[in-house]
Amino acid sequence: MPNRHVIQCRQCTSDDIEAHRAEGPEGLPTVTRFTCARCGHHWAAHETPQLFAPDYGQAYADAPDLAQEELTLALWAEGINIRAEEARAGRGPAIEPGGYRLFFLRQAAYLDRAAHEMELALYCTAVGEDDATVVRDAAVMAADLLLHLDLDLGQVHVEGPFASDAACWQSPGGLCAYVRQEYTAWQDWETTARRNRDHQ
């Protein structure tokens with residue numbers, strides 16, 4: 001079993017765990033839950049270590065599928081680049097940092113989800129260690145970028161209960177947990193705003 005991408009027990013932090021597989025979409029194997037061989041604790045594949053943040057299932061239940069979000073982010077990034085080139089040429093204002101914060105949030109959430117899917121696929125031997133490492137490293141870097149952007153902006157865009165300077169985000173897995181907190185808060189805001197628009 002790979003040592004960089006071992007999922008630890010939520011109860012005793014042992015890495016001696018059994019992955020329970022089932023047939024997923026298109027007949028491909030997928031991991032549904034884990035059991036710890038040391039303490040017997042079991043948990044669903046979407047659950048995360050006990051951090052002050054939602055787990056994958058809570059944070060991303062209403063997120064677009066990964067392929068759709070990848071396309072959205074690619075088009076969005078292209079628009080940001082065009083706007084930056086126009087600003088450099090003096091044909092319009094530059095985007096304020098807060099203006100692309102949502103892009104960084106959604107990009108970090110996309111990579112967090114993709115890394116988790118790769119990690120589960122690793123337990124089914126559907127992908128290799130190197131592939132999982134690349135995606136996990138990208139997710140951590142994107143999460144770190146979001147957290148430091150929020151710190152640089154004085155945390156004015158932070159909606160979750162724990163600020164970006166909270167010590168819990170410096171624990172293992174904390175950076176991506178911060179993304180899940182902020183993505184959940186943004187989704188809640190979107191739901192409320194949509195409901196208010198519908199009742200006007």
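The values are calculated or read from the model by the stated rules, or taken from the named source; none is laboratory data. Just so it is clear, the model here is predicted, and its values are computed rather than measured. Heads up, the Cβs are rebuilt from the backbone with ideal geometry, glycines too, and the neighbour counts pull from every protein chain shown. Surface accessibility is based on the protein's heavy atoms, side chains included, excluding ligands, DNA and RNA. Shrake-Rupley method; radii C 1.70, N 1.55, O 1.52, S 1.80 Å.
Taking first residues from the range 45-66 that are within 16 Å of GLY173 (Cα to Cα) and open to solvent by less than 80 Å² (accessible area, probe 1.4 Å) and partners that are at pLDDT 90 or above and of a type outside the set (Val, Ile, Thr), the Cβ contacts under 6 Å between residues at least 6 apart in sequence or on separate chains come to LEU51/ALA177; ALA53/ALA177; ALA53/ARG180; ALA53/GLN181; PRO54/ARG180; TYR56/HIS116; ALA59/ARG180; ALA59/TYR183.
Does TYR183 satisfy the criteria of being touching a Ser or Thr at 6+ places or on another chain (Cβ under 9 Å), in contact (Cβ under 8 Å) with a residue 40 or more places away in the chain and in a helix (DSSP H, G or I)? Here the answer is no, as TYR183 does not meet what is asked. Looking only at the range 24-43, residues that are touching a residue at least 24 places away in the same chain (Cβ under 8 Å), aliphatic (A, V, I, L, M) and either over 18 Å from THR125 (Cβ atoms) or open to solvent by 40 Å² or more (accessible area, probe 1.4 Å) (or both) come to 1 in all. Exactly one residue out of GLU70, GLU85, GLU78 is open to solvent by 70 Å² or more (accessible area, probe 1.4 Å), over 18 Å from GLU182 (Cβ atoms), touching a Phe, Trp or Tyr at 6+ places or on another chain (Cβ under 8 Å) and in a helix (DSSP H, G or I): that is GLU70. Of the residues in the range 150-172, at least one is within 14 Å of PHE104 (Cβ to Cβ), surrounded by fewer than 11 Cβ atoms within 10 Å (Cβ to Cβ) and of a type outside the set (A, V, I, L, M, F, W, C).
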